Each structure stands twice: as C-alpha cells, then as structure tokens.
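Each value in this text was obtained by applying a stated rule to the coordinates, not by laboratory testing. If you're wondering where the values come from, they're calculated on a predicted model, not measured in any experiment. In this analysis, Cβ positions are derived from the backbone assuming ideal geometry, glycine residues included, and neighbour counts consider all displayed protein chains.
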2 protein chains.
Amino acid sequence: MNIKITGIGHYLPEHIETSKELSAKINKSEDWIVSRTGVKERRVSKIDVDEMGAKAARISLKMANIKPDLILNASGVGKQVIPDTSVFFQRELGLNGIPSFSIHATCLSFLVALHAAANYIEQGSYNKILIISSDRGTRGRNYNEPESAALLGDAAAAIVLEKAVENENSKLLSYKMETWPQGANLTEVRGGGTNLHPQDNKTTLEDNLFSMNGPGIYKMARKKVYERLKEDLKENNLTPNDINLLIPHQASGLAVKAYSKYGGFDEKKVINIIDTTGNCVAASIPLALSIAYEQNKLKRGDLIYFAGTGAGLSIGSMLLKF
Amino acid sequence: MNIKITGIGHYLPEHIETSKELSAKINKSEDWIVSRTGVKERRVSKIDVDEMGAKAARISLKMANIKPDLILNASGVGKQVIPDTSVFFQRELGLNGIPSFSIHATCLSFLVALHAAANYIEQGSYNKILIISSDRGTRGRNYNEPESAALLGDAAAAIVLEKAVENENSKLLSYKMETWPQGANLTEVRGGGTNLHPQDNKTTLEDNLFSMNGPGIYKMARKKVYERLKEDLKENNLTPNDINLLIPHQASGLAVKAYSKYGGFDEKKVINIIDTTGNCVAASIPLALSIAYEQNKLKRGDLIYFAGTGAGLSIGSMLLKF
C-alpha cells in the first residue's frame, strides 16, 4: 500500500518522576525498579489525554501542512467511556465536522490504526488521516503492584498519513496481527465497563487500576513475537541487516532488549526509550518513532520494522518504508 | 466496494421489562415513558456483553458457514477498559489467534466498522470479517434521568462480511460520517477513563451512568441528518422511492419517525423496533437489520439506507445493496 507518513509529533509532559522518587510509593528500592523494569524515569501528566494528544497532533499537522479528513484516536485508555476520545481531540484542535472515531487494541492501537488508515487511503475513502495515541497510564497505577506501577509513563504522539505520490518509495509492505484470548487476563483494567459496574456497589479502586502479570506476558509474548519476526523476515525475503530501524512497543526493558538478544538485531537499530519514558501504553510505538525522527535516526526510504504486544494477548508487526 | 453480508444474527435477552414496570423506578407514568420515548418494553440482560455478543455471532457464523479472519467489536460500551471487548468475544466463541480489536464511535460503531471492513475486504487485507455489536445499556441507566433511563435496552447483533463474487449485485455504494464536537456533552458517560478517575476519590456513581440531553440531541441531529439524507440521495441520483429499506439508529421514537415525517420516506420502509427493544446503543442498527432479515423484509439486491447519530455528536449514513 502506497502510503507516506507526512507528519510526526509527540508530547512528553514536563514533570519527570524519577524511579528514586517513585521508590517510596511502591515500597521498592530504586535499584529494584531499574533492574526489574528498565525505567529510570517517566513523565507524569497534569493535563488530560485530549490536551496531550492535541499538543502532539498540532506538531504533526504543521509538518504535514494539511487539514485532516479523518481523525483516529488510537489510545489504550480513553478520556471517558462516551463519547470516544477522538471527539475530544477534535474539540481541542478547534476543528469541526471531521469524521472521528477510536480504534482500540490497547498497546497495539497505533499499529492497528496505521494499517486501517493505509487501507482507507489505498481505497480512496480518506486521504489525509490524523492518528493520535495519547495515554496517561500513571492515572491507573496500582502502587500495590510495584512492577506495573513502575513501568507506566505518560505521553502522546501523532502522525499524519497520506498517499505516497508517484516516484516516492514510501509504502506499507506487510502487516500481521494475532490475538490469543488465553492471555486475556494477563493485562487488565477490569472496571470502567459493564463487567464490574459501580452500580453493583461491589467495585473497588483496584478494579480501575492496571493489573499486569509481567512475567506471564513476557513468557507468552517472547516466543510468539520471535516466531512472528522470523516469519515476517522470511515472507519478505529479508534479514535483520536489511531493516534500518526496529521500533518495538516499549513494554519493558527486558522486552525491548529481547529483539537484539534473541531476534538477531543490532542493538543500535532497536529504538529503546523506555529508560526515560516508561511504558506509555499505545503512545509508546509512535513516541519511539517520533523521537527517532527528531534525533535524525530516520530518513526517507528507510525500512522500519514495528513490533509489539497488546493486552489480549495480541501480537502485531508491520514493515514500512518510511 | 464489492462486499456482501453473508451472515446475520442477533440476541435479545429473555427478560422483558415493561414501561409499566420501569415507571415506579424513574417516578414517571407509563404514559409519560411511551409518549416521550416510544419505548413500551425493553430487554434487560443478566449475562454480560461478551456472552451476549457471542450468541449473536454464532448465528451469523453458522449462516455464513465460515471461520472469520478478523473479529471487530463495534459496541458503545465495553466489558472493561482493558483488554478491549473483541478479545472476550473471541474467547467466548472458543477461537484462537484471530486478529481482534474494537472500533468505537458509540451508537455509530457498527456503521463505522462495516465501512472499515469493506475497505479491508476490497483491499484484500482480510476476507471474512465478523462484526459484533453488543450493548448492555441498562447497566448504566440513571434513574434520576428518566428519559435516558427509559430509552436504553440491551441487545447484541452480528454480521459476517465477505467479498461479493462476480455476478453478485451486493455492494457498498456510499458512506459518510461527520463529527461535531460542539455536541460532545450531549451524550456522555463521564467516568471509566482518565477524566474522572476513582483514584481522585471525587467520582460519583452518576459519573458512570448515561447522561443524555435528548431534546438537545434531537434539535442538533434532526437538521444535520436531514441535510445528510438529502445529499446522499442527490449524490447517488436517488429518490426515497428507490430505497427498499431505511434502517435508522433507534435513538428514540421521535428520531425514527422523523425519517418518514420529514425525510419523505414511506413509514413502511423505515424499520422501527424501538417500541419493543428501546435504544440498544451500537447494537441498535444491526439488530434492526437482523430483525428485518428474520421477518423477510429484506432480500438480496435490496437497497438499504442506514442512518444514525452517535455521541460526539456524529452523523453517519450508508447506502448498501444487500
């Protein structure tokens, strides 16, 4: 599919919370946090996801210099149950009348939305698509679950996707997603829907906080991601050396390092931002893309391999010529 | 786009709650409820959205006689915040490894998902797509807001979408969506996300219940839906007589009747199920489709016009040759 990312931007909240600062709240040492999660510091937002997302979106829209004809929210957790967050992004951006909706696949929302957007563009249904991922995971931290509480950080990132014109080399080469419901309980926020409803008077604060079985996810995901990676390379007749940048979901320090340790990728090619941002849920992948772009690690025509996992458990991967 | 609905099914919970029964809970007479909302009775589910959706999905999968290669949840309110509800549908259906995610545009989720699915199929990205809308709006009824409490009902409906083969006349002819954020506060469930989080200890039960400004929505929506309808007919060179069935979102008795009263459509062509089902949020449109199909009001090649509104406020419409 002949699509091109014409705008990229991100927003990192100003306030930095170091793992030393966090250690008292979760009753673990700074060393425990850093060695267990790979996160030295993370951002904590004082503004809500709609304002965060709009800040990232403005940068991407300015770069692309367009008005979008579709706004996709591709975040892990919304501002509220109804309306979906895309509406609030559009309101923050001062726009009107532009079709807006949300795509939700937790940490894979961005990849799923990027693939959906490519289908729309190739088909001519929409031409200038704004995708925003904005997550404020620190709102849902459970201090009684130190590992996930230490992992989560806040960020927003956005891209504009358009049709690649003739002679441009930008394209989406391949995309795969699989969902394995036996992993449904490995990452949860159990409240906020029809399952555990406050009207039952039985819900607790913990029902509305992140619950992650880190080792369980790692065990299930590492094998499946590794198989996916091997197949993607084989099907596209590529070796790890052909990939210019590997942009993984920043699930944990261990998960990001596994791509070089087991996947055969040069560590320098794997974008690793988790030490300073934490796991920013769905914003994690586009944030890593935007930071790589800002740091001039990415140029037109580069072959990017995106890969990651989402609650479900889902595995997603994409090969994209930037 | 050459797509064909090859499977249809729905699930209506057994338990019927009449407006007479509801009247005491909301301190309004049966007459007030029926004249104000058009709802004489609605279903109240004892099972959760995933089980409801799976019941509808099984019927549609049996009719289509396929295994899906994509499962889309297209509901208004999820089972829980994470993972998204598509994962729980897949688990209930006993399936594994099938890519699954959610599309969220409140009451328009089904139309948005149907359009996305058509793009995927036309593009060859997926070939056998299961779309499930399952909403349990009665879980979020606010008895202090009699109108919305009386409107909401529970239901699930599902379709299977596939490529239309040669010589088949089934196709998606047109689709339009617009989102107007000045209507963002007309329909809300304010809790369940980062906005009003239980960790603030300031949230109330009401924050997690439906809040609808019925007259405000009707005022804003009637004009916009009417303009959309006129444009859709004009752009496709059609008159109301060319449409075999008009399937509107069952927003309220008044909203459904407006299509014949102001839109020039013969009342017999407008599927009106709200008196016995209420407003079933995103399940409302596919439920009306499935009931029309069950009642033999729909045959291959018929021209269907779907139209509706969603929180946002969004307007959506689709012309589809069944």
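The table for this structure:
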quantity	calculated
At most 11 other Cβ within 10 Å, DSSP loop - trypsin sites (Lys or Arg not before Pro), segment A:273-322	A:Lys299, A:Arg300
Axis-proximal residue, chain A, for the rotation superposing A on B (Cβ, Å)	A:Gly192, 2
Chain B: DSSP helices with Cα axial extent of at least 20 Å and average Kyte-Doolittle hydropathy no lower than 0.0	B:49-64, B:109-123
For B:Gln295, label point 7 Å along C-beta direction: distances to other copies, nm	6.2
Within-14-Å neighbourhood charge of B:Phe210 [Cβ basis; K, R +1; D, E -1]	-2
Rounded if a/c under 1.5, otherwise prolate or oblate - segment B:171-321, Cα gyration tensor axes	prolate
Label point distance in nm, A:Lys46-B:Lys171, each placed 7 Å from Cα along Cα→Cβ	5.7 nm
About the Cα centre, charge dipole magnitude for segment B:171-321 (Lys/Arg +1, Asp/Glu -1 at Cβ), debye	460 debye
Copy-to-copy label separations for B:Glu166, where each label sits 7 Å from Cα toward Cβ, in nm and ascending	2.9
Three-way shape call for chain A based on the alpha-carbon gyration tensor, with the a/c threshold at 1.5	oblate
Approximate spin-label separation A:Asn237-A:Glu294, in nm, with each point projected 7 Å along Cα-to-Cβ	3.9 nm
Those trypsin sites (Lys or Arg not before Pro) in segment A:31-140 that DSSP places in a loop and that have at most 12 other beta carbons within 10 Å	A:Lys46
For B:Thr277, B:Thr179, order by how many other beta-carbon atoms lie within 10 Å, fewest first	B:Thr277, B:Thr179
The protein assembly as shown: radius of gyration and largest Cα-Cα distance (Dmax), Å	23.5, 73
Neighbourhood net charge (15 Å Cβ-Cβ; Lys/Arg +1, Asp/Glu -1) for A:Gln80	-4
Residues whose placed amide H lies under 5 Å from that of B:Leu152, excluding near-sequence neighbours	B:Asn279
Helical contribution to [θ] at 222 nm, DSSP H n ≥ 4, -39,500 (n - 2.57), averaged over chain B, rounded to 500	-10000 deg cm²/dmol
Longest exposed-site-free window of chain B, the sites being GluC sites (Glu not before Pro) in a DSSP loop that have at most 16 other C-beta atoms within 10 Å	B:169-322
Cα convex hull of segment A:1-139, projected area averaged across orientations, nm²	9.5 nm²
A:Met318, A:Met52, A:Met1 arranged by Cβ crowding within 10 Å, fewest neighbours leading	A:Met1, A:Met318, A:Met52
